[in-house]
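A.B. asks: Below are the structure tokens for one structure; questions will follow.
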Amino acid sequence: MSNRIDFSIKDGIAKIVFNAPERRNAIDLTFLQEWLEAAKACAAEPTLQLIQIEARGDMFSVGGDIAAFVTNADDPDPYIPRCIKLFHDGIEILQQLNTPILLALQGAAGGGAFSLVCGADIVIASRNAKLASGYTKIGLTPDGGLTYFLMNLVGQRRTFEIIALNRPISADEAKTLGLITEVVDPSELDQAVAAAAKELAGAPPGVLGDVKRLLVNAQHATLREQLDMEGEIMGRRATYDDSRARQRAFLEKSKK
């Protein structure tokens, strides 16, 4: 990685940190090249327990770098489609890992950054955070899976409203809508994120990934198909030594 994104893996936690606060963490081609490399590095880590996405500075990300879009508008190798492919390939890799994604949100998240917020499993936000689509203001439609993730969170009518009207959504409203998990004071954000990361990374290996698989499958499965998948996964996990040890420990504790 160079300087737009800081990436590290330690104790089963992959940290993807947006590192260009002077650019408001704008998403351009360089950023997205690093984004895809970070996603590939996550996929290559067999003991990964958590993906944590955060940003340096007062703003999570303004979204797409409009100046770069304009400057490269006549590039013979179309600039925006190249950006989209890198962005989408990285998102697909991270989502297919079935590893929980924890996102720390401070300041604004616009455009593609809004998509990342909606695609995370746990979002802890500073009280001053805001979300905005912004795409249609500049004649574009959403990318980054926004129409997929947002639809699953709030339904078609509310998704259309959010995208069409581009009205900023406060952290408290976003929590009410189900876009954010927890809202804390700005001074408490780092502590709250660290506590959530510790709990998520400390879960039995793979169990939260299996929960994610079940939830994704439920979006298109029949009841019978979902019941069968639940039975298959729970039955498989019941044979694990770790699971059996945890069950015995729970039973012994309940006897005291």
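Read-outs: derived from the displayed coordinates by stated rules, not from any lab. Worth saying up front: this structure is predicted, and the values here are computed from it rather than measured. Cβ sites come from the backbone with ideal geometry, for glycine too, and all protein chains shown count toward neighbours.
A.B. asks: Pairs of alpha-carbon atoms within less than 8 angstrom and 6+ residues apart define the contacts here; what relative contact order does the chain have, in percent? Mind dumping the intermediate values first?
C.D. replies: Values: 408 pairs, mean separation 41.5, N = 256.
For the chain, the relative contact order is 16 percent.
A.B. asks: Counting DSSP beta bridges with both partners in the range 1-140, what percentage is antiparallel, nearest 5?
C.D. replies: Working: 6 of 24 bridges.
If I count the DSSP bridges inside the range 1-140, around 25 percent turn out antiparallel.
A.B. asks: Follow-up question, since we're still on this one. Please report how far the C-alpha centroid of the range 27-64 lies from that of the range 117-132, rounded to the nearest whole angstrom.
C.D. replies: 16
A.B. asks: Oh, and also: Return the sequence-ordered ³J(HN,Hα) values of the range 125-130 in whole Hz as given by the Karplus equation 6.51 cos²θ - 1.76 cosθ + 1.60 applied to θ = phi - 60°, using x for Gly and Pro.
C.D. replies: Whole-Hz 3J(HN,Hα) from phi for the range 125-130: 10, 5, 4, 8, 6, 9.
A.B. asks: Relative contact order of the range 101-162: what whole-number percent is it, with Cα pairs under 8 angstrom and at least 6 residues apart?
C.D. replies: Working: 82 pairs, mean separation 22.3, N = 62.
Once divided by the residue count of the range 101-162, the mean separation gives 36 percent.
A.B. asks: Taking the alpha-carbon distance from Lys130 and a cut-off under 12 Å, which aspartates and glutamates remain once sequence neighbours fewer than 8 residues away in the same chain are dropped?
C.D. replies: By straight Cα distance, Lys130 reaches Asp58, Asp172, Glu173.
A.B. asks: Dipole magnitude of the range 127-256 about its Cα centre, charges +1 at Lys/Arg Cβ and -1 at Asp/Glu Cβ only, in debye to the nearest 20?
C.D. replies: On the way: 19 positive and 17 negative charges, 56 e Å.
Its charge dipole is roughly 260 debye.
A.B. asks: Which FRET efficiency value, to the nearest 0.05, do you get for Ile138 and Val211 by plugging their Cβ-Cβ distance into 1/(1 + (r/R0)^6) with R0 = 22 Å?
C.D. replies: 0.05
A.B. asks: Tell me the label only: which of (1) 16.1; (2) 21.7; (3) 18.7 is mean projected area of the Cα convex hull in nm² as calculated from this structure?
C.D. replies: Working out mean projected area of the Cα convex hull in nm² from the coordinates points to (1).
A.B. asks: Continuing with the same structure: Check the straight Cα-Cα distances from Lys40 and name the lysines below 21 Å, setting aside those fewer than 8 residues away within the same chain.
C.D. replies: The qualifying lysines are Lys10, Lys15, Lys85, Lys212.
A.B. asks: Take each of the peptides 136-146, 241-251, 49-59, 111-121, average the number of other beta-carbon atoms within 10 Å over its residues, and list them starting from the highest. Don't jump to the answer; show the numbers that get you there.
C.D. replies: Details: 136-146: 15.9, 241-251: 11.0, 49-59: 20.8, 111-121: 25.5.
For the peptides 136-146, 241-251, 49-59, 111-121, the packing ranking is 111-121, 49-59, 136-146, 241-251.
A.B. asks: Using a simple charge model, +1 on the beta-carbon of Lys and Arg, -1 on the beta-carbon of Asp and Glu, nothing else, what dipole does the chain show about its Cα centre, in debye to the nearest 20? It would help to have the intermediate numbers written out before the result.
C.D. replies: On the way: 28 positive and 33 negative charges, 164 e Å.
About 780 debye.
A.B. asks: If you place +1 on the Cβ of every Lys and Arg, -1 on the Cβ of every Asp and Glu, and leave all else neutral, what size is the dipole of the range 1-124 about its Cα centre, to the nearest 20 Debye? Show your work: numbers first, answer last.
C.D. replies: Working: 9 positive and 16 negative charges, 39 e Å.
The dipole of the range 1-124 has a size of about 180 debye.
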